[in-house]
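Undergrad: Mind having a look at this structure? Questions to follow.
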Amino acid sequence: MQGLIELVQNLGVTADWLAATLAVIVYAVLVFLFLALFALFAVYLERKVSGHIQDRLGPMRVGWHGILQTIADTVKLLTKEDIIPENADRPLFILAPFVLFLGTYLVYAALPFGPNATASNLNIGLFYIIAVSSLVVIGTIMAGYSSNNKWSLYGGMRSAAQIVSYEIPVGLSLLVGVMMASSLNMSAIVINQTTGIGGIGGFLGWNFIQNPFAFIAFVVYLVAGTAEANRTPFDLPESESELVAGAYTEYSGMRWAFFFLAEYANMWIVAVLATVVFLGGWNSPIPGETFVPGWIWLFLKALGVVFIQMWARWTFPRLRVDQLMVTCWKYLTPIAFFNILGVGFWMIFIG
Amino acid sequence: MPDIRTEEMVINMGPQHPSTHGVLRLKLRTDGEIVTHIDPVLGYLHRCFEKHAENLEYPQVVPFVDRCDYLASMNNDHGYAMAVEKFLGIELPERVEYIRVIFAELQRIASHLVALGTFGLDVGAFTPFLYCFREREMILDLFEMTCGARLLYNYIWVGGLSHDIPEGFVEKAYEFLDHFEPKIKEYNDLLSYNKIFIERTADVGTLPADVAISYGATGPVLRASGVDWDLRRDEPYSIYDRFDWDVVVGNDDVGSVGDCWNRYYVRVAEMEESAKIVRQALDQLPVDGDVKEAIPRKIRPDKGDLYFRSENPRGELGFYLVSDGSPKPMRVKMRSPALANLGVIDEIGSGWLIADVVAILGSLDIVLGEIDR
Amino acid sequence: MIKYFTNIKEAIVSNAIGFGVTFRHLFKPSVTLQYPDEKWNLPERSRMRLHMDWEDCIGCQKCARACPVDCIHMTVTKVPRDFDELGKTKNDTQKRLLVEDFYIDLSECMYCSLCVYPCPEDCLYMTREYEFSVYERDDLIADFAPVPEQLMKNAYEAIEEEQRQKEEARRKKKEAAAKKAAAEQAKAKEEPDSKDEE
């Protein structure tokens with residue numbers, strides 16, 4: 001962000017506050033562009049991955065091997081008729097996708113894209129992210145309620161319960177990384193992972209293999225993060241075969257595309273957090289190697305986690321809503337607490 | 001303080017829904033999310049099969065019978081052909097009987113593959129559906145090679161078959177069996193013993209044995225409730241008594257007897273048993289015999305009536321024929337197994353969540369073409 | 001308590017096995033056929049669009065009677081016995097009936113192939129053509145009787161000729177009968193006359 005401010009100042013804008021505001025606006029637009037491009041890429045990747053897992057090909061006709069498929073889909077969504085149900089609560093109906101997207105978008109203010117490429121490298125970065133991402137609950141409830149549709153109401157309620165419950169295992173497992181680095185600042189957590197077992201660094205420095213509790217925390221985080229992003233096996237709010245599209249049934253065209261965009265944005269957030277806290281952030285797996293820039297490693301590792309989320313979607317059936325709650329409160333939360341205890345003891349006694 | 005009034009919500013799982021297998025309408029009365037009563041509404045696919053049959057001659061009814069249960073056409077043809085043959089008292093050559101058994105059992109495997117795939121889809125597992133259809137594609141290729149059609153065959157005629165099996169059929173059938181038997185282990189790995197799937201289906205929608213018998217449920221639904229009854233072994237028709245195979249009955253290794261998991265698992269195990277029967281039939285297939293020699297020139301049974309039942313992949317398929325001496329039947333009534341199986345849904349579906357109703361409906365394996373005829 | 005830990009263990013083990021299955025499938029070749037660039041080779045006995053060879057049809061109407069949905073329509077005219085322009089079928093059967101009209105409504109056909117078996121000349125059969133969708137429903141009525149105009153004219157002329165000859169014969173017979181009746185009447189009239197005269 002500092003670099004952006006300096007760039008703007010070099011262009012001739014001298015007042016500090018103006019330069020800062022312009023830099024922020026430019027950054028916000030860039031993030032939005034990144035989200036759009038990432039969604040484009042992720043949808044295509046998901047369709048290809050799902051196709052090859054199911055012994056089929058996925059999109060093949062639009063562009064070479066279907067690369068332009070998502071663009072075609074976006075054009076279709078943009079040109080669709082915008083239908084608002086007669087008895088729907090109009091202001092809430094129109095606002096819901098934006099509130100949902102807002103909850104996800106605000107996180108990008110503190111999400112790192114590389115070693116020095118964070119908008120605001122807050123000292124409480126991780127804490128801010130977990131807090132702000134709860135705003136999506138409001139968006140979902142608004143969507144479900146304002147649709148004036150019994151099925152959407154069910155879906156909205158279930159989704160709200162799910163997101164609120166799974167915040168806890170997410171927070172507790174991320175706390176493991178915080179404990180090992182003694183700081184909530186994400187750069188500090190990554191720097192802490194440059195040396196690890198044996199002092200060599202590289203792959204062996206990554207948090208998730210430092211001690212068995214950290215590994216369990218990594219698995220718990222992946223499961224809870226998938227639930228946060230409303231993906232199968234936890235996608236009850238949008239389960240296609242049970243409630244048609246759940247909370248988002250009445251949305252069509254671009255409004256629905258916003259929900260979709262928010263889901264992929266969420267997936268990316270989960271992936272980047274997993275990478276930063278457990279997989280060594282922008283450190284390269286080969287010790288001492290500095291040729292490849294840090295952000296490429298970050299992107300590759302985050303894409304790997306995104307791939308794991310997609311892989312899980314096409315493998316497992318869906319959990320029922322009460323089983324979802326049982327998994328969260330009776331299994332994941334106690335395990336997460338136990339992890340914190342374990343990591344604490346490990347750090348004190350084994351070092 | 002006024003009493004809190006809770007009202008029941010009536011939800012319509014309408015005729016068009018991704019999870020009701022076909023055009024079935026279910027009226028659910030729910031209290032919150034728990035279903036208190038289910039009313040199925042039928043008739044959206046009624047095509048007047050029985051009325052048509054009154055105006056057609058006996059051999060012309062066979063394509064119509066195909067279309068009733070379109071996922072198990074060969075078994076439907078087989079049941080009807082055997083009913084009319086019993087009426088006329090025809091003896092069939094050995095080769096015809098063996099080929100009929102091979103095709104009926106292959107069709108049973110294909111039908112169960114669809115049932116498993118769509119059941120997985122109902123509970124949210126998208127991938128087993130495509131794996132099941134891949135194997136089913138190979139079976140349909142075998143059928144297409146023999147009679148030219150992939151879904152509605154008109155192959156098993158009264159008194160014989162429409163074509164003899166072509167060159168290379170036996171080799172391809174053995175190839176298919178060798179390819180298919182390891183696949184069952186794959187389905188078990190991916191779906192049957194998966195913890196999430198077990199959580200979704202074990203102990204859900206338990207059907208006690210006496211309730212099943214009183215509703216007239218048959219087929220895998222009855223066997224999963226612990227009742228050891230299979231028409232192919234207990235009232236053998238055709239040449240089923242020459243083969244060595246087991247009847248699969250529900251157990252309580254995972255969940256309890258009569259729950260959704262057992263209904264699903266009985267079908268998986270039945271596919272293995274059918275593969276065994278096909279292999280034995282292919283081994284024992286007589287090399288010569290004319291498949292068309294016993295087909296009567298004109299079918300004109302004596303006055304009277306007859307009820308004949310056979311084992312469909314969904315249960316007991318019955319045909320009640322009434323003849324008045326003319327070449328056209330006076331009445332053909334089809335006893336549809338899926339209709340009797342659907343009757344239990346109110347008993348076993350009440351008291352569960354909506355998501356469970358979807359799973360229970362999927363485990364009953366209904367085909368609307370057969371229910372509505 | 002023990003159930004708690006078995007649940008966790010079962011979940012992890014079964015999910016890992018499931019992951020393995022789908023991962024293996026990621027590397028298997030796909031089974032998709034890219035239609036319309038690649039098409040499947042249908043086997044010989046495929047039952048797709050019907051086809052009829054008009055030159056071999058003898059007009060016996062067995063196929064129309066066998067069809068369960070009555071989608072075969074034909075108009076058959078009898079020609080005089082000495083009309084020999086119809087020719088023979090490929091199996092050397094002399095054709096005795098003129099098939100003026102033969103059309104099949106392919107939108108009603110249910111592809112059961114019950115019409116193929118009774119044909120004594122093997123002129124009606126099912127081909128492997130399955131790509132015949134049209135924009136208007138009436139375009140699905142397939143006309144299989146390309147009767148040459150000259151043949152129709154000659155046939156109708158022959159029929160008319162036969163009709164005329166029959167008319168002629170009947171008229172002659174009537175005349176002869178009338179003459180005979182008149183002659184008998186005249187004879188009968190003469191008899192009482194002669195009796196009277198005596």
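Undergrad: Output the peptides B:269-282, C:100-113 sorted from most to least packed, where packing is the average of other Cβ atoms within 10 Å over each peptide's residues.
TA: The most tightly packed comes first, giving B:269-282, C:100-113.
Undergrad: Mind listing the long-range amide H neighbours of B:LYS328? Cut-off is under 5 Å, sequence gap 5 or more, other chains count too, H placed in the peptide plane at 1.01 Å from N.
TA: Under 5 Å from the amide H of B:LYS328: no residue qualifies.
Undergrad: More than 32 Å apart: what percent of Cα pairs in chain C qualify?
TA: It works out to 55 percent of all Cα pairs.
Undergrad: Counting only GluC sites (Glu not before Pro) that are in a DSSP loop and have at most 15 other C-beta atoms within 10 Å, tell me the longest site-free stretch of chain A.
TA: My reading of the result: A:87-288 is the longest stretch.
Undergrad: Please report, as a whole percent, how much of the solvent-accessible surface of chain A comes from carbon and sulfur atoms (probe radius 1.4 Å).
TA: Taking all protein chains in place, chain A shows 73 percent carbon and sulfur surface.
Undergrad: Determine the share of the stretch C:50-151's accessible area contributed by carbon and sulfur atoms, expressed in whole percent, with a 1.4 angstrom probe.
TA: Carbon and sulfur together cover 46 percent of it.
Undergrad: Right, here's the next one. What residues does the stretch A:310-334 have that are buried by at least 40 Å² of accessible area in the full protein assembly compared to the chain on its own, 1.4 angstrom probe?
TA: Flagged in the stretch A:310-334: A:TRP311, A:TRP314, A:THR315, A:PHE316, A:PRO317, A:ARG318, A:ARG320, A:GLN323, A:TYR331.
Undergrad: Please state, as a whole number in µm²/s, the translational diffusion coefficient that the Stokes-Einstein equation yields for the stretch B:119-170 at 20 °C and 1.002 mPa s, with Rh defined as the Kirkwood radius across alpha carbon pairs.
TA: Translational diffusion coefficient: 166 µm²/s.
Undergrad: With all protein chains present and a 1.4 Å probe, how do C:GLU44, B:GLU33 order by accessible area, largest first?
TA: Solvent-accessible surface, decreasing: C:GLU44, B:GLU33.
Undergrad: Give me the lysines in straight-line cross-link reach of C:LYS187: C-alpha distance below 19 Å, same-chain residues under 8 apart excluded.
TA: The reachable lysines, counting only those whose Cα sits under 19 Å from C:LYS187, are C:LYS179, C:LYS195.
Undergrad: Related question: What number comes out for accessible area per residue over chain B if the probe is 1.4 Å? Units Å², please.
TA: The answer is 35 Å² per residue.
Undergrad: If you take each beta carbon of peptide A:45-56 and count the beta carbons of other chains within 10 angstrom, what is the mean?
TA: Whole-number average of other-chain Cβ neighbours for A:45-56 is 5.
Undergrad: Given a cut-off of 29 Å, name the pairs among A:LYS48/B:LYS183; C:LYS78/C:LYS173; B:LYS51/C:LYS78; A:LYS48/B:LYS27; A:LYS330/B:LYS183 whose C-alpha atoms lie farther apart than that in the structure shown.
TA: Exceeds cut-off: B:LYS51/C:LYS78; A:LYS48/B:LYS27; A:LYS330/B:LYS183.
Undergrad: Could you report the buried accessible area between A and B, both sides summed, computed with a 1.4 Å probe and given in Å² to the nearest 100?
TA: Separately minus together, A and B give about 2500 Å² buried.
Undergrad: Using modelled amide H (1.01 Å from N, peptide plane; none on Pro or chain starts), what sits under 5 Å from the amide H of B:TRP157, excluding residues fewer than 5 places away?
TA: Excluding prolines and chain starts, which carry no amide H, the hits are B:SER162.
Undergrad: Ordered by residue, what ³J(HN,Hα) values in Hz, to whole numbers, does the stretch A:315-320 give under the Karplus form 6.51 cos²θ - 1.76 cosθ + 1.60, where θ = phi - 60° and Gly and Pro are x?
TA: Once rounded to whole Hz, the list reads 9, 10, x, 9, 8, 6.
Undergrad: Could you pull out every one of the lysines with an alpha carbon less than 19 Å from that of C:LYS180, ignoring same-chain neighbours closer than 8 positions?
TA: Reachable lysines: C:LYS172, C:LYS189.
Undergrad: Another question, if that's okay. Using θ = phi - 60° and the Karplus form 6.51 cos²θ - 1.76 cosθ + 1.60, what ³J(HN,Hα) does each residue of the stretch A:173-185 get, whole Hz, x for Gly and Pro?
TA: Taking θ as phi minus 60°, the curve returns 6, 5, 4, 4, x, 5, 4, 6, 9, 6, 7, 8, 7 Hz for the stretch A:173-185.
Undergrad: Other chains' Cβ within 10 Å of C:6-15 residues: what's the mean?
TA: Taking all residues of C:6-15 together, the mean is 5.
Undergrad: Still on this structure, I have one more. Per residue, how much accessible surface does the stretch A:86-349 expose to a 1.4 Å probe? Answer in Å², no decimals.
TA: Computed with neighbouring chains in place, this is 37 Å² per residue.
Undergrad: Okay, moving on. Other chains near B:137-147: what is the mean number of their Cβ atoms within 10 Å of each residue's Cβ?
TA: Counting other chains' Cβ atoms within 10 Å and averaging over B:137-147 gives 2.
The values are calculated or read from the model by the stated rules, or taken from the named source; none is laboratory data. Note that the structure is a prediction, hence the values are computed from the model and not measured. Here Cβ is always computed from backbone atoms with ideal geometry, including for glycine, and neighbour counts include all displayed protein chains. Ligands, DNA and RNA are excluded from the accessible area calculation, which covers all protein heavy atoms including side chains. Shrake-Rupley method; radii C 1.70, N 1.55, O 1.52, S 1.80 Å.
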